[in-house]
1. Summing Lys, Arg as +1 and Asp, Glu as -1, what charge do residues with Cβ under 10 Å from the Cβ of A:SER132 carry, A:SER132 excluded?
2. Using only the alpha-carbon atoms, how far is helix A:91-101 inclined from the longest principal axis of chain A? Give it as 0 to 90 degrees, nearest 10.
3. Lys and Arg at +1, Asp and Glu at -1: add these up for the other residues within a Cβ distance under 11 Å of B:GLN200 and post the number.
4. Could you tell me how many degrees, from 0 to 90 and to the nearest 10, lie between the Cα long axis of helix A:163-178 and the main elongation axis, the longest principal axis, of the Cα atoms of chain A?
5. Pull out a ≥ b ≥ c, the square roots of the eigenvalues of the alpha-carbon gyration tensor of region A:129-238, then state rounded if a/c is under 1.5, prolate if not and a/b is larger than b/c, and oblate in the remaining case.
6. Which entries in A:LYS41/B:LYS98; A:LYS41/A:LYS133; A:LYS41/B:LYS87; A:LYS75/A:LYS133 show an alpha-carbon gap greater than 25 Å?
7. Out of B:GLY124, B:LEU225, B:ALA136, whose Cα points farthest toward the positive end of the dipole of region B:86-239 (charges: +1 Lys, Arg; -1 Asp, Glu; placed on Cβ)?
8. Which ordering of B:TRP181, B:TRP187 is given by a fewest-first count of other beta-carbon atoms within 10 Å?
Amino acid sequence: MSTIALDHVSRWYHNVVAVNDVSMTIGPGVTGLLGPNGAGKSTLISLMSGFLAPSAGSVTLDDQQLWRNPDAYRKIGLVPEREALFDYLTGRQFVTANAELHKLPDPGAAAARALETVEMTEAADRAISTYSKGMRQRVKMASALVHDPSVLLLDEPFNGMDPRQRMHLMELLRTMGAQGRTVLFSSHILEEVEQVARQIEVVIAGRHAASGDFGAIRRLMTNRPNRYVLHSSDDRLLASVLIRDPSVRGASLRSQGGLDVEAGDFGRFAQVLPQLAREQSIRLLEVTPTDESLESVFAYLVAS
Amino acid sequence: MNATIVRLGMRSVFGRRRGVLLLILPVVLILLAVVVRALAGAGVGTGGDVLAALGLQVLLPLIALIAAASLLAPEIDDGSVVYLLAKPIPRMTIVVSKLTVAFGCTVVFAVLPILIAGFILAGGQAGFVLAFVLGALAGGAAYCALFTWLSTLTRHAVVIGLLYVLLWEGLIGGVVSGVRWVSIGWWTGAIAEAVSNKVQLVSPNLGAAYAVIATLVVLVGMAMLAARRLSGFNLTGDE
């Protein structure tokens, strides 16, 4: 059981403030760090993983400072956002090397276990340079898990994953959290965070905007209109069936193709959209929350 | 030193295209030695000039630069160094492991070719050749440490390293004699001169004691600075 504590932490680069007087405690279980792009999520994860010095305040793991403290990595597994790996190695060689660097007694066995956990055993003996984005993500995950850390920090782990891999990683994070590990992952997609994390920390423009149980934050969101852009095999038909559903407040066809939809209850909308599409044999090609809606979601959260 | 980091380092040097350069440069030196030997015969005069001009002043710093800069700079640039740093390993161990790989490459691809070229050029003059080899070993170590530190400092380590070798040591060092006191290339020459009186490279002579101490200071100092730099590595960049 490990706890990361940020106490009045600020971080600035010259005259730009990236993180502004943030205090939070991340304990066992899964915590979602939510915020729009550029909100300071990566800066916070760098601070929590000892890869950035706070300009003010303190960042500790179980009361030990993280900055310039390599021993802390015995407890921490880090999955960075950047994709670069040691491309000239195979997945197995890479994860085994990570196990060796942790001085584990049986690096080969530990690597095999970690690769199995992320379902990468089959592709483990291929060079990393041949991996897809999702596979890279999973190998990064295996390298972070190989020493069985009590803290797992993941920066935008769902980026580039297909839906099946996404579900699998979500399940994995839930399991890790249930085992009593302190798991923190960042995301700019509320629905993503909501599915995994019990506890949500919201950062906006470097400030700690909200903190709490996902249920409470979700309730705040329920009546909030959300805008989506949909592309489907039959936009006109989709618009007509969606507008009949109470979760949808408006639907309009875009001149360049596609459909603008305003959902009043995004929870219900997320459920009925695939259902309705299936019933009408409409193929959904793209469902994108518009940036404007995303920003307004966060703005709404702050206002609440 | 950490065996895993050394192994990964070897893979990264030879896994990149610039690794080919490591092979080309020594072949050029040895071929040139063969040509000079065929045209001018064996001797310490011309032999010394070729070994100094091409071996010590070009091959040695360039091989050390290619080897050292292929180790840390790309990993820092693309962020993959985080997989080495997010481990409970003293930063000095990481630097020493990287330095060991760079120095190993320098020995194989610079010092050994200098030894071979030396015997081709000077015939059986073992003392003369040994002087160049010992100078190259000392200089190679110092160059590796300097370029390793540069790699932790900037993504332009290769360019800055080249400027150091060509401008500072080559051009300015040749004109302004004071520069020789702060130039690894000239220390290398001073050490070689001290080993064999047949080697005459540096004037005014710096003295072997100064050259050895200065080499050690650079080796240890740069390693410490590089370790310090790694321990303050920022995942989000230095902007």
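1. Values: positive: A:LYS133, A:ARG136, A:ARG138; negative: A:ASP162.
My count for the surroundings of A:SER132 gives +2.
2. Orientation of helix A:91-101: about 40 degrees from the principal axis.
3. Working: positive: B:LYS198; negative: B:ASP49, B:GLU193.
Its environment carries a net charge of -1.
4. 50
5. On the way: a/c = 2.14, a/b = 1.20, b/c = 1.78.
The shape class here is oblate.
6. On the way: A:LYS41/B:LYS98 32 Å; A:LYS41/A:LYS133 21 Å; A:LYS41/B:LYS87 22 Å; A:LYS75/A:LYS133 27 Å.
Pairs exceeding the cut-off: A:LYS41/B:LYS98; A:LYS75/A:LYS133.
7. Of the candidates, B:LEU225 comes out farthest on the positive side.
8. Details: B:TRP181 13, B:TRP187 27.
Exposure proxy ranking, most exposed first: B:TRP181, B:TRP187.
Rule-based calculations on the coordinates, nothing more; no lab input. From a predicted model like this one, the values you see are computed outputs, not experimental measurements. Here the Cβ is made from the backbone with ideal geometry for all residues, glycine too, and neighbour counts use every protein chain on show.
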